[in-house]
Amino acid sequence: MHRLQVLSKQLTSGAFTERPSTISSSADYERLYKRSIEDPNGFWAEMAKDFVWSKTWDKDHFKSNFDVNNGPIFTHWFKGGKTNIAFNCLDRWVAAGRGSQPCFLWEGNEPHQQRTMTYSDVLAEVCRLSNWLLSQGVKMGDTVSLYLPMVCELPIAMLACARIGAVHSVIFAGFSADSLAQRIMDCKSRVVITSTGTMRGTKPVDLKGIVDKALDLCNKGGHKVDRALVVEDSSCPLQPGVGFQASRDVWWHQHIPQQAAQCEPTWVDSEQPLFLLYTSGSTGNPKGVVHTTGGYMVGAGVSTKYVFDMQPGDVYWSTADCGWITGHTYLTYGPLLNGAVCVLFGSTPTYPDQTRCWQVIEKYKVRQFYTAPTLLRSLLQHGDDWVTKYDRSSLRVLGSVGEPINEHAWHWFHEVVGEKRCPIVDTWWQTETGTHMITPLPGSWCKLKPGSASLPFFGVQPVLLSPEGKEVTGHGEGILAIKGAWPGMARTLHNDHGRYESTYFAPFSGYYFTGDGARRDEDGYIWITGRVDDVINVSGHRIGTAEVEGALAEHPLCAEAAVVGVDHPIKGQSIYAYVTLTDAQRQGKEMRQILVDHVRKTIGPFAVPDVIHWAPSLPKTRSGKIMRRVLRKVAMGQEKELGDVSTLADPSVVDLLISLRGE
Ligand code: WTA
């Protein structure tokens with residue numbers, strides 16, 4: 001039996017208990033922060049002792065190069081160490097007497113659909129699935145693709161992969177068959193786990209039908225998936241016409257219960273890949289961001305503990321879907337590494353009506369609630385009574401993620417939802433950073449400024465750079481970059497280390513380039529100003545303009561397309577597309593619908609443009625580069641602020657576009 005190195009955590013805590021915050025003063029934060037920067041090797045080694053390792057890391061376990069002029073970019077943490085993150089999420093708590101504590105409190109599409117799984121239940125199910133994966137020949141390092149709605153089987157499948165050293169790739173169940181096929185082929189999964197379908201509000205979503213189409217596309221592309229394991233969702237059975245391929249498809253409920261409920265974890269090197277997660281960039285295909293095991297585990301566990309003031313037994317709810325990074329780090333790994341009770345929400349926050357969130361908080365006595373500004377903006381417009389009729393006295397910490405939170409939404413969250421009692425942790429981070437980077441900590445000592453992500457988390461050195469790459473010191477504005485490595489960072493892009501280097505490290509040698517702009521105020525607080533590249537943030541989801549343009553341009557009647565993000569009162573930004581047709585006669589409502597359907601089919605419903613603006617031609621520089629700045633201004637009706645258009649090859653295009661707005 002492996003020695004459990006630290007089990008001396010406090011075992012009792014409840015939703016309503018008052019207790020000191022994890023960090024109790026500015027001086028404490030400053031001392032720990034300073035130490036984390038001056039001695040990262042020692043600081044993180046100390047933090048790592050809170051986890052179970054089968055082999056301790058080397059004394060000098062951390063090494064990194066961020067300078068492209070100095071050889072390949074790399075980072076390793078806890079070198080020499082071996083661990084298993086699923087063991088740290090589950091076995092450890094069962095061994096410590098928490099086996100009968102709920103691990104997942106699942107609530108389905110309808111409020112009465114509920115399921116509780118204890119830590120022992122989850123451990124047993126993870127082991128069964130691990131054994132099944134092994135029986136299918138899945139080995140350490142193989143990638144398994146997961147295309148599931150928010151059911152307990154999704155985090156269970158992630159943990160089962162992690163238990164045997166396989167790499168999971170979760171694909172958000174809103175992506176189309178084309179996108180799914182592209183992602184399965186990219187990482188060559190031979191096993192896919194999915195479900196019959198799911199209900200989103202009143203709408204059935206035919207997931208198995210989408211998987212069937214995707215796997216046909218994979219076959220055509222020369223990649224064969226051997227097995228699809230299917231979870232049966234009784235509220236959304238197989239759609240008419242969607243079948244089972246006897247040679248490929250198997251039911252979860254027939255195959256998994258037969259497996260043994262024990263499975264020895266595979267202890268892996270710290271730098272063994274844990275998961276791939278595809279995300280959008282400003283150009284090209286989605287990037288398969290690779291996170292590894294040891295550093296990510298320590299980063300996820302430690303940030304969850306400090307940023308949410310989390311202790312074992314706390315009831316925590318994040319509205320994120322496991323299909324995005326928040327669902328990985330702050331729904332699955334981080335909370336389970338801290339022995340929390342996680343609410344898994346399988347519905348939409350406005351179904352059956354806009355009180356759903358507050359009902360869930362009351363019902364499960366949620367202590368920490370983590371959500372996105374877009375949801376707050378959509379709920380606050382209905383007034384306060386919808387919120388206040390539910391009991392929110394269990395809440396202690398509120399969190400925001402995904403986009404800048406505007407002051408109005410911040411105050412509503414703080415005053416109405418949190419009754420002025422709960423600090424808001426406005427957490428800035430990214431798929432690539434893996435873990436929180438800039439965020440307040442939830443102690444009364446930490447001054448909160450509505451709209452500011454505040455101060456760096458331990459081990460993070462944010463800098464603001466001028467376009468020439470000079471560090472802006474003191475109070476000022478610039479491009480947000482990170483100096484020095486942190487444990488949770490992505491190590492590479494799947495099969496494309498060159499793209500990893502050129503995207504994140506080549507723009508400013510010696511720094512990780514975030515793609516965001518930011519401002520630092522007199523108190524050293526950071527205010528994120530938004531993306532500086534061609535990435536749009538719609539309702540907290542990243543979408544590359546190039547991806548939407550690519551999808552539009554694939555349509556035979558589309559000659560050219562240019563996509564920009566414009567401000568949107570609820571979604572933060574919305575997608576606005578300029579399209580030049582091969583035949584201008586086709587402009588009109590019908591064509592618009594054809595293009596919208598085409599984007600939905602190619603990427604997924606969330607990438608559909610809100611507006612399609614017919615463009616006989618696009619404003620380009622003499623070298624042929626589309627001037628998006630001009631397109632953005634025209635889209636927002638700010639033609640008085642167009643700025644210099646003298647470098648356009650044909651400046652008259654701008655007036656033509658303005659005249660066609662709303663056509
Ligand atoms: C934006 C989501 C302002 C930012 C975790 C970043 C934010 C992108 C915040 C990453 C925040 C995330 N304040 N902007 N608190 N959090 N962003 O990869 O533009 O889906 O670069 O990761 O979201 O999006 P991603």
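Among the residues of segment 522-547, the ones that are modelled with pLDDT of 95 or more, within 16 Å of the ligand (Cβ to nearest atom) and not in a strand (DSSP E or B) come to 1 in all.
Residue-by-condition table, conditions (1) surrounded by fewer than 18 Cβ atoms within 10 Å (Cβ to Cβ); (2) part of a helix (DSSP H, G or I); (3) within 25 Å of the chain's Cα centre (by Cα):
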{"position": "Phe87", "(1), (2), (3)": "no, yes, yes"}
{"position": "Asp91", "(1), (2), (3)": "no, yes, no"}
{"position": "Met117", "(1), (2), (3)": "no, no, yes"}
{"position": "Leu123", "(1), (2), (3)": "no, yes, yes"}
{"position": "Val138", "(1), (2), (3)": "no, no, no"}
{"position": "Leu146", "(1), (2), (3)": "no, no, yes"}
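Going by the conditions given, is His494 touching a Leu at 6+ places or on another chain (Cβ under 7 Å) and either among the aromatic types (Phe, Trp, Tyr) or more than 12 Å from the ligand (Cβ to nearest atom) (or both)? So His494 passes the test. Taking segment 27-60 as the range and being in contact with a strand residue (DSSP E or B) (Cβ under 8 Å, 6 or more places away or on another chain) and charged (D, E, K, R) as the test, only Lys55 passes.
Do we find a residue being within 30 Å of Asp385 (Cβ to Cβ), among the charged types (D, E, K, R), more than 16 Å from the ligand (Cβ to nearest atom) and modelled with pLDDT of 95 or more anywhere in segment 266-274? Within segment 266-274 (the criterion being within 30 Å of Asp385 (Cβ to Cβ), among the charged types (D, E, K, R), more than 16 Å from the ligand (Cβ to nearest atom) and modelled with pLDDT of 95 or more), the answer is no, since none of the residues qualifies.
Please enumerate the residues belonging to segment 56-68 that are surrounded by fewer than 20 Cβ atoms within 10 Å (Cβ to Cβ) and farther than 18 Å from Gly301 by Cβ. First the steps, then the outcome.
Narrowing segment 56-68 to residues surrounded by fewer than 20 Cβ atoms within 10 Å (Cβ to Cβ): 56, 58-60, 63-65, 67-68.
Listed by number, the residues that qualify are Asp58, Lys59, Asp60, Lys63, Ser64, Asn65, Asp67, Val68.
Summed over segment 304-330, the residues that are in a helix (DSSP H, G or I), of a type outside the set (Phe, Trp, Tyr) and either within 12 Å of the ligand (Cβ to nearest atom) or surrounded by fewer than 23 Cβ atoms within 10 Å (Cβ to Cβ) (or both) give a count of 7. In this structure, is Leu455 aliphatic (A, V, I, L, M), touching a Ser or Thr at 6+ places or on another chain (Cβ under 7 Å) and within 16 Å of the ligand (Cβ to nearest atom)? In short, no. Here Leu395 meets the list (1) within 16 Å of the ligand (Cβ to nearest atom); (2) in a loop (DSSP other than H, G, I, E, B); (3) over 26 Å from Arg531 (Cα atoms) almost entirely, failing just condition (1). Per this entry, His568 is counted among residues that are within 16 Å of the ligand (Cβ to nearest atom) and either free of Cβ contacts under 8 Å to residues at least 60 places away in the same chain or buried (at least 17 other Cβ atoms within 10 Å of the Cβ) (or both).
So, in segment 49-85, exactly how many residues are β-branched (Val, Ile, Thr), outside any helix (DSSP H, G or I) and closer than 23 Å to Tyr512 by Cβ? Of the residues in segment 49-85, 2 are β-branched (Val, Ile, Thr), outside any helix (DSSP H, G or I) and closer than 23 Å to Tyr512 by Cβ. Inclusion of Leu557 among residues that are aliphatic (A, V, I, L, M) and surrounded by fewer than 16 Cβ atoms within 10 Å (Cβ to Cβ) is warranted.
If only residues of segment 370-385 that are in a helix (DSSP H, G or I) and away from the ligand (no atom under 15 Å from the Cβ) are counted, the one that is surrounded by the fewest Cβ atoms within 10 Å (Cβ to Cβ) is Asp385.
Which of the following residues is within 16 Å of the ligand (Cβ to nearest atom) and among the β-branched types (Val, Ile, Thr): Thr433, Thr388? I'd like the intermediate steps shown before the answer.
Working: Thr388 fails: within 16 Å of the ligand (Cβ to nearest atom).
Going through Thr433, Thr388 in turn, just one is within 16 Å of the ligand (Cβ to nearest atom) and among the β-branched types (Val, Ile, Thr): Thr433.
Taking the residues in segment 458-480 that are of a type in the set (A, V, I, L, M, F, W, C) and more than 12 Å from the ligand (Cβ to nearest atom) as candidates, determine which candidate is farthest from Gly517 (Cα to Cα).
Kept after step one, since they are of a type in the set (A, V, I, L, M, F, W, C), are these residues of segment 458-480: 458, 460, 463-465, 472, 479-480.
With more than 12 Å from the ligand (Cβ to nearest atom) added as a condition, the list becomes 458, 460, 463-465, 472.
Working: Phe458: 21, Val460: 17, Val463: 11, Leu464: 8, Leu465: 9, Val472: 12 Å.
Looking at the filtered set, the residue picked out is Phe458.
The residue that is surrounded by the fewest Cβ atoms within 10 Å (Cβ to Cβ), counting only those in segment 331-349 that are within 16 Å of the ligand (Cβ to nearest atom) and hydroxyl-bearing (Ser, Thr, Tyr), is Thr332. Criterion applied to Arg499, Arg519 was being away from the ligand (no atom under 13 Å from the Cβ) and either part of a strand (DSSP E or B) or in contact (Cβ under 8 Å) with a residue 60 or more places away in the chain (or both), and the one residue passing it is Arg499.
The values are calculated or read from the model by the stated rules, or taken from the named source; none is laboratory data. What you see is a predicted model, and the numbers here were worked out from it, not measured in a lab. Glycine also receives a Cβ, built like all others from the backbone with ideal geometry; neighbour counts cover every protein chain displayed.
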